[in-house]
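J.: This structure is in structure tokens; I'll ask about it shortly.
Readers should treat all values here as calculations from the given coordinates under stated rules, not as data from a laboratory. Here the structure is a predicted model, which means the values were calculated and not measured. Using ideal geometry, Cβ is built from the backbone for each residue, glycine included, and neighbour counts are taken over all protein chains shown.
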Amino acid sequence: MDEFKGGLIAAGLVAVSVLFILCNPISIVGVGERGVKVTMGKISPQSYSEGVHFVTPFISKIHTMDVKTQKSNIKTQVYTKDIQQAIISYVVNYNLQADNAYKMYREVGKNYQDIVLTPVVEATLKDVIGKWNAQDLVANRERATKEILSKLQEHLVDNYIVVTDFQITAINYSDVFEKAIESKVTAEQEALKAKNKTVQIQEEAKQKVISAEAEAKSMAIRANALSQNKALVEYEAVKKWDGKLPDYMMGNSVPFISLKK
């Protein structure tokens with residue numbers, strides 16, 4: 001008899017356990033998530049925070065939405081202002097607004113990245129890139145990136161998405177266009193080198209003219225001074241004399257320098 005009762009109790013406990021599992025009234029919202037409670041098809045107007053929540057079995061259920069920062073690496077094809085095809089690789093960081101998780105679930109669903117985020121990002125990218133010529137875009141990537149980020153933050157905030165960062169990681173054009181840009185850059189560099197060389201030659205010529213003019217003026221000043229002062233003539237001769245008298249003298253010639261004091 002005791003064994004029979006014990007068996008009944010054990011069976012009862014198992015049945016209760018199975019019934020509890022099947023009719024589980026507990027729902028857990030994990031870290032970095034928000035819960036959306038749906039009761040007979042109706043969404044509660046609030047987002048449930050992390051932790052344990054009780055629901056009515058078979059009537060209510062809590063669905064979870066990820067509100068952590070997420071990162072998407074995407075490539076897309078766009079055209080520049082001068083109709084050059086470009087493959088843009090970019091990274092966008094974003095997260096779902098925690099307090100509005102239930103609104104996103106109600107209006108869009110859990111797959112909001114494909115339905116809302118990606119179309120807005122690609123439209124914004126095409127709009128901004130379309131303002132730049134291909135070669136200028138490479139040099140102004142940072143400006144284009146900042147403009148795209150600003151527009152994304154403005155457009156997506158009303159769609160319950162917070163964009164925290166956007167970066168263009170690569171801009172790839174066709175091989176033909178890449179070679180054309182390379183040739184143009186090389187030609188510009190060679191032209192600049194030639195221009196610099198011309199400037200250098202012109203500057204050297206100017207310096208020579210200035211030097212010649214200065215030398216001519218100096219000579220004119222010395223010649224004028226010598227013509228006006230006999231003593232100065234003798235002084236200049238002394239400066240150039242090596243101290244030796246001629247080995248012979250013809251006629252009655254004597255040194256032109258006066259050695260008398």
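J.: Kindly state, to the nearest 0.05, the FRET efficiency for Ile43 paired with Lys131, given R0 = 45 Å and r defined as their beta-carbon distance.
T.: With a Förster radius of 45 Å, E is 0.65.
J.: Let me ask something else. What pairs from Lys103/Lys151; Lys126/Lys146; Lys103/Lys146; Lys71/Lys103; Lys81/Lys126 go past 19 Å between their alpha carbons?
T.: In this structure, Lys103/Lys151; Lys103/Lys146; Lys71/Lys103 exceed 19 Å between Cα atoms.
J.: Take Asp165 and Lys197, extend 7 Å from each Cα along the Cα→Cβ direction, and tell me the distance between the two endpoints in nm.
T.: The modelled label-to-label distance comes out at 4.7 nm.
J.: Which whole-number percent gives the relative contact order of the stretch 70-178, counting Cα pairs below 8 Å spaced six or more residues apart?
T.: 40 percent
J.: A follow-up question, please. Just name one of Ser174, Phe58, Met104: the one whose Cα is farthest towards the positive end of the charge dipole of the stretch 43-191 (beta-carbon charges, Lys/Arg +1, Asp/Glu -1).
T.: Phe58
J.: By counting other Cβ atoms within 10 Å of each Cβ, how are Lys151, Lys193, Lys126 ranked from fewest to most?
T.: Lys193, Lys126, Lys151
J.: Size of the dipole of the stretch 70-178 about the Cα centre, Lys and Arg at +1 and Asp and Glu at -1 on the beta carbon, nothing else charged, in debye to 20?
T.: Dipole size: approximately 180 debye.
J.: What's the exposure ranking of Leu137, Leu149, going from fewest to most Cβ atoms within 10 Å?
T.: In order of increasing Cβ crowding within 10 Å: Leu149, Leu137.
J.: Further, regarding this structure: For the residue pair Asn95 and Gln77, what label-to-label distance in nm results when each label sits 7 Å from Cα along the Cα-to-beta-carbon direction?
T.: 3.6 nm
J.: Please arrange Leu117, Leu96 by how many other C-beta atoms lie within 10 Å of their C-beta, fewest to most.
T.: Numbers: Leu117 21, Leu96 27.
In order of increasing Cβ crowding within 10 Å: Leu117, Leu96.
J.: Which residues among the stretch 49-77 fall inside the zone where the amide N is under 18 Å from a point 7 Å beyond the Cα of Gln113, along Cα→Cβ?
T.: 64-76
J.: Could you rank the peptides 70-80, 32-42 by their average count of other C-beta atoms within 10 Å per residue, with the highest value first?
T.: 32-42, 70-80
J.: Moving to a separate point now. Would you mind checking the radius of gyration and Dmax of the stretch 70-178 based on alpha-carbon positions, in Å?
T.: Cα only, the stretch 70-178: 15.0, 50 Å (Rg, Dmax).
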